[in-house]
Amino acid sequence: MINTTLSSEQISAFNRDGFLHVPAFFTQRQITEISTWTDELSLAPEMIGKDWKYFEESALDRTRILCRIENFAPVHQHFDALMRGGPMQTAVSDLFGEEAVLFKDKINFKMPGGNGFSAHQDVQAGWDAYAPLHITAMISIDATTAENGSLEMLPGQHDKGLIGKKWEPLTEVDTKHAPYVPVHCNSGDAVFFDSYAPHKSGPNSTDSARRVLYVTYNANSSGDHRVRYYEDKHKSYPPDIERDQAKDYSYKV
Ligand SMILES: O=C(O)CCC(=O)C(=O)O
Ligand SMILES: [Fe+2]
């Protein structure tokens, strides 16, 4: 049996819009703990065979800044327990109407001077090779604002299939110039969204990081693909420390 945490109104809103904002999904005490674990990961040196760190160039001073850590469930027991068997998995199971299985674990840091994200559907990155649908739980570790680049969602477009092309940002023509809705979050808020829901975000023009946890699941009936997903991703987009200097690894979507 699945423990239900979301109301039927919340589940209907998710099905209507393709996303759902749940304020105060985690308490301040819990989010302080998650913030500490995030610091543990970000402060640990880059190492082959550990979690995957990705860097970008700051728009402020062109220095190399951390933008993302992925694939940390196997190396961080507390995060693992939180993501497999915790409240995010339960809420996403409510949204699937069946047990959810972890697919992908990621923290986007968006440091001061960190870039935004062009409009896309997450499925444009080829996730449909693993399961027909994914649902991501976004958890705001830091508050998100217009200035540090809150997630912006396009409501009611998640049931139109693949809107644009694989591996290319969505254009205004693809989304028929429909307005994106900024989802500003306090720390501890959650935003659940479907892998077909278009979204984007702006750069961080403030002097503090905008750290956000993304935990993605698929339905159990579609299988457990996390290990295969990361094996495949390692071939095309390995963490910075494992890169072949001669190759181009530009980020697409
Ligand atoms: O962190 C953000 O602002 C958006 C990130 C995103 O959409 C992604 O990583 O797929
Ligand atoms: Fe995305």
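Of the listed pairs Lys104/Lys247; Lys104/Lys233; Lys50/Lys233; Lys50/Lys106; Lys53/Lys110; Lys166/Lys233, which have alpha-carbon separations greater than 18 Å here?
Lys104/Lys247
With all pairs of different C-alpha atoms in the average, the Kirkwood value for the hydrodynamic radius of the chain is 18.5 Å. Each peptide among 15-21, 170-176 gets the average number of other Cβ atoms lying within 10 Å of its residues, and from highest to lowest they stand as 15-21, 170-176. For the chain, relative contact order (Cα pairs under 8 Å, six or more residues apart, normalised by length) works out to 29 percent.
We did not get these values from a lab; they are worked out from the coordinates using the rules stated. If you're wondering where the values come from, they're calculated on a predicted model, not measured in any experiment. Note that we place each Cβ from the backbone using ideal geometry, even for glycine, and neighbour counts take in every protein chain shown.
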